[in-house]
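Enquirer: Take this structure first; my questions come after.
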Amino acid sequence: MTEIPQLMNHFYFAEHKVIIVGLDNAGKTTILYQFLMNEVVHTSPTIGSNVEEIVVKNTHFLMWDIGGQESLRSSWNTYYSNTEFIILVVDSTDRERLVISKEELYRMLAHEDLRKAAVLIFANKQDMKDCMSAAEISKYLTLSSIKDHPWHIQSCCALTGEGGDNQKLIFATF
């Protein structure tokens, strides 16, 4: 597993494009607004995308939250250009669709426009009964086989803020 400072080393410029992806109902938009406002915002399914700017230590991040419904996933690649960082949000309770998350992850990693992108996986919904741990998700996604992209997996709960301090630490390393 790559250490967080190493994961972020390639951010030398003042503005960075980040895409937030994952299947529908994984918690992408909730995580975006936790970053932005440090509070839970009730959301509806994202159709298309949301974009917000987050500033951490004078570094600007353009955060693109992209809808995860099956009908929208085929258009994710239209957001890849100039992306430096991928945040993949995984619903830790959705065992049945973890295989789809894995397929989408490796499809993204194979895309030419993402060849230099770092990856942060949020194992969301850790407050739910019978959720998979970050270690279980890492094993299922075979993250240890990813050699060409720096990556890190982080447990979190977007609704309670659990793991939120670690999320902030990731951005504070710039």
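Enquirer: Using modelled amide H (1.01 Å from N, peptide plane; none on Pro or chain starts), what sits under 5 Å from the amide H of THR46, excluding residues fewer than 5 places away?
Expert: Counting only residues 5 or more places away or on other chains, the set is GLY68.
Enquirer: Taking the Cα-to-Cβ direction at SER74 and at VAL99 and moving 7 Å from each Cα, how far apart do the two end points lie in nm?
Expert: Calculated label separation equals 2.1 nm.
Enquirer: Now a separate question. Could you work out which residue, out of HIS16, HIS111, HIS149, moves most in a Gaussian network model of the chain, that is, has the largest mean-square fluctuation with Cα springs under 10 Å?
Expert: Of HIS16, HIS111, HIS149, the most mobile in the Gaussian network model is HIS111.
Enquirer: I want to check the label-to-label distance for ASN25 and VAL51. Put each point 7 Å from Cα in the C-beta direction and report it in nm to one decimal.
Expert: 3.0 nm
Enquirer: Please turn the phi angles of segment 66-80 into ³J(HN,Hα) values with the Karplus equation 6.51 cos²θ - 1.76 cosθ + 1.60 (θ = phi - 60°), one per residue in order, whole Hz, x for glycine and proline.
Expert: 10, x, x, 5, 3, 5, 9, 4, 5, 9, 3, 4, 5, 9, 6
Enquirer: With the radius of gyration and the Kirkwood radius both derived from the Cα set of the chain, what is their ratio Rg to Rh? Don't skip to the end; give the middle numbers.
Expert: Values: Rg = 14.6 Å, Rh = 15.9 Å.
Ratio of gyration radius to Kirkwood radius: 0.91.
Enquirer: Aspartates and glutamates near LYS129 by alpha-carbon distance under 18 Å, same-chain residues fewer than 8 away left out - which ones?
Expert: Candidates past the 8-residue exclusion: ASP91, ASP94, GLU96, GLU162.
Enquirer: Report ³J(HN,Hα) in whole Hz for each residue of segment 101-109, in order, from the Karplus equation J = 6.51 cos²θ - 1.76 cosθ + 1.60 where θ = phi - 60°; Gly and Pro get x.
Expert: Here the 3J(HN,Hα) series is 4, 5, 4, 5, 4, 6, 5, 5, 5 Hz.
Enquirer: Quick one: which residues, 5 or more positions from VAL119 or on another chain, have an amide H under 5 Å from its amide H? H modelled 1.01 Å from N in the peptide plane, none for Pro or chain starts.
Expert: HN-HN under 5 Å from VAL119: ILE86, TRP151, HIS152.
Since every read-out is calculated from the coordinates, none of them should be taken as a lab result. A quick note: this is a predicted structure, and the numbers were derived from the prediction, not measured. Please note: Cβ atoms are built from the backbone with ideal geometry, for glycine as well, and neighbour counts cover all protein chains shown.
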